[in-house]
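Data block below; observations after.
The values are calculated or read from the model by the stated rules, or taken from the named source; none is laboratory data. The structure displayed is predicted, hence computed values, not measured ones. Heads up, the Cβs are rebuilt from the backbone with ideal geometry, glycines too, and the neighbour counts pull from every protein chain shown.
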Amino acid sequence: MEEYFDILDEKGNYTGKIETRKKCHKEGLYHKAVVVFIMNSKGQVLLQKRSANKRMWPNMWDVTAGGHVLTGEFGFQAIIRECQEELGIELDKRDITFLGASISSNIKGDIVNNHFNEYYIANKEIDETKLKLQEEEVSAVKWIDKDEIIGKIKDNYNGITDKEGCWKYLIKYYEWLGDI
């Protein structure tokens, strides 16, 4: 099924146009993306390992879940959908908290990503052994301690995706909690 995104201008305003995922990434059209970090009561974050089949960052550890905001969706709706699709995790709007937003632009091969990103946190106790992983997206999940993930970020994203904006928001959240 072809995915369609609302097209934004360089300031994040809706243009009233929609385009396919393929065209957005080929032409670098601005659109929305979302990221969620699920954190347990120990302050650990649930990470997913991207499938070997992924075009971007294959076999790399990544944020809990994320993806594009489909035409007509709000960011929180995309988070709920992505967690269900990728991990089989049921979230409700009340489970997630908006952390902030940023603009990112990057080119990976023939993919031009121009995103207006929204970042969320969800505090939830999850048994990772009972998750239903979407095989084409995710090959594994694990809980990771705060000190370990911060070490990986500071060590040039050692073993994790180099999604700088995402990881900055996680660190900001830990700082807000007073944990670092």
Some residue of segment 146-155 being modelled with pLDDT of 95 or more and either touching a Ser or Thr at 6+ places or on another chain (Cβ under 6 Å) or hydroxyl-bearing (S, T, Y) (or both): no
Residue ID - surrounded by the fewest Cβ atoms within 10 Å (Cβ to Cβ), chosen from residues in segment 10-67 that are touching a residue at least 60 places away in the same chain (Cβ under 8 Å) and among the acidic types (D, E): E27
Go over the candidates A65, A140 one by one and state the one that is of a type in the set (G, A, S), within 28 Å of E10 (Cα to Cα) and modelled with pLDDT of 95 or more. A65
Could you grab the pairs with beta carbons closer than 6 Å, sequence gap of 6+ or different chains, first residue in segment 122-146 and more than 21 Å from W167 (Cα to Cα) and free of Cβ contacts under 8 Å to residues at least 60 places away in the same chain, second one of a type in the set (G, A, S) and surrounded by fewer than 17 Cβ atoms within 10 Å (Cβ to Cβ)? L131/G88; K132/G88
Go through (1) at pLDDT 95 or above; (2) touching a strand residue (DSSP E or B) at 6+ places or on another chain (Cβ under 7 Å); (3) more than 21 Å from K22 (Cβ to Cβ) and name the single condition G88 misses. (2)
Scan segment 102-128 for residues that are outside any strand (DSSP E or B) and surrounded by 13 or more Cβ atoms within 10 Å (Cβ to Cβ) and jot them down. K124, I126, E128
Taking the conditions exactly as written (modelled with pLDDT under 95, of a type in the set (A, V, I, L, M, F, W, C) and touching a Gly at 6+ places or on another chain (Cβ under 9 Å)), does I103 satisfy them or not? yes
Might you check whether a residue that is in a loop (DSSP other than H, G, I, E, B), buried (at least 17 other Cβ atoms within 10 Å of the Cβ) and touching a residue at least 40 places away in the same chain (Cβ under 8 Å) occurs anywhere in segment 167-179? no
What residue, among those in segment 123-173 that are in contact with a strand residue (DSSP E or B) (Cβ under 8 Å, 6 or more places away or on another chain) and among the polar types (S, T, N, Q), is nearest to S102 (Cα to Cα)? T161
